[in-house]
Amino acid sequence: MEKKDNGFKLVANNKKAYFDYFIEDKWEAGIALYGTEVKSIRMGKASIKESYIKIENGEVFIYNMHISPYEKGNIFNRDPVRVRKLLLHKAEINKIAGKTAEKGYTLVPLQIYIKDGLCKVEIGLGKGKKLYDKRDSIAKKDVRRENERDFKIKNL
């Protein structure tokens, strides 16, 4: 978990989304949660690795987002992978729905964080990468890693 002075605490990050998709646009959305889920997120026990987002009947939902049950929650704990509603303005939902209607675009959760005491999720409009794009990403990452290693050796 990453903590900053401006009230921003990163809880979960979806690095695979950047590997599998070209992220073209980003939005911040609130999540409709129950009390024990919020406490669990504050403890950093959330994952969005296999999660995805759908728009149904003018509402946005996140599927397969795993929030571990709160240890002291007993009967108040909910299903860890239940469908959760994302809170966005109607105009934003319409704009996102129009963009995802285009071929090849999808909504992916990028990160979960706590901002000013509220749990937020950053969602991105992604266009799927082809296999050769992924190979190109791996090659760039390897070159960057090599350059950093060389730079470190020279400066010792």
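The values are calculated or read from the model by the stated rules, or taken from the named source; none is laboratory data. Keep in mind the model is a prediction, meaning the values are calculated, not measured. In this analysis, Cβ positions are derived from the backbone assuming ideal geometry, glycine residues included, and neighbour counts consider all displayed protein chains. Surface accessibility is based on the protein's heavy atoms, side chains included, excluding ligands, DNA and RNA. Shrake-Rupley method; radii C 1.70, N 1.55, O 1.52, S 1.80 Å.
With the crude spin-label approximation of a point 7 Å out along Cα→Cβ, what separation in nm comes out for residue 153 versus residue 131?
3.3 nm
Compute the accessible area per residue over the chain, keeping the other protein chains in place, probe 1.4 Å, unit Å².
Ligands and nucleic acids excluded, the figure is 64 Å² per residue.
Report P(r) for the chain: all Cα-Cα distances, bin width 5 Å, range 0 to the bin holding the largest distance, values in whole percent.
2, 9, 16, 18, 16, 14, 11, 7, 4, 2, 1, 0
For the stretch 82-156, run through the trypsin sites (Lys or Arg not before Pro) and keep only the ones in DSSP coil with at most 14 other Cβ atoms within 10 Å of their Cβ.
82, 103, 130
What FRET efficiency comes out for residue 99 versus residue 32 if R0 is 35 angstrom and r is the Cβ-Cβ distance? Round to the nearest 0.05.
E(calc), rounded to 0.05, equals 0.95.
Stretched out fully, how many nm does the piece from residue 145 to residue 71 gain, at 0.36 nm a residue minus the Cα gap?
Gain in length upon complete extension: 22.6 nm.
Counting only protein heavy atoms and using a 1.4 Å probe, what share of the accessible area of the stretch 7-128 belongs to carbon plus sulfur, as a whole percent?
Summing carbon and sulfur atoms, their accessible area is 52 percent of the total for the stretch 7-128.
Give me the lysines in straight-line cross-link reach of residue 72: C-alpha distance below 30 Å, same-chain residues under 8 apart excluded.
By straight Cα distance, residue 72 reaches 3, 4, 9, 39, 45, 49, 85, 115, 120.
Under a GNM of the chain (C-alpha, springs under 10 Å), which listed residue has the highest mean-square fluctuation: 68, 47, 137?
137
For residue 118 and residue 52 in the same chain, what is the full-extension length gain: residue separation times 0.36 nm, less their Cα-Cα distance, in nm? Before the final figure, lay out the partial values.
Working: separation 66, 0.36 × 66 = 23.76 nm, distance 2.10 nm.
Difference between extended and current length: 21.7 nm.
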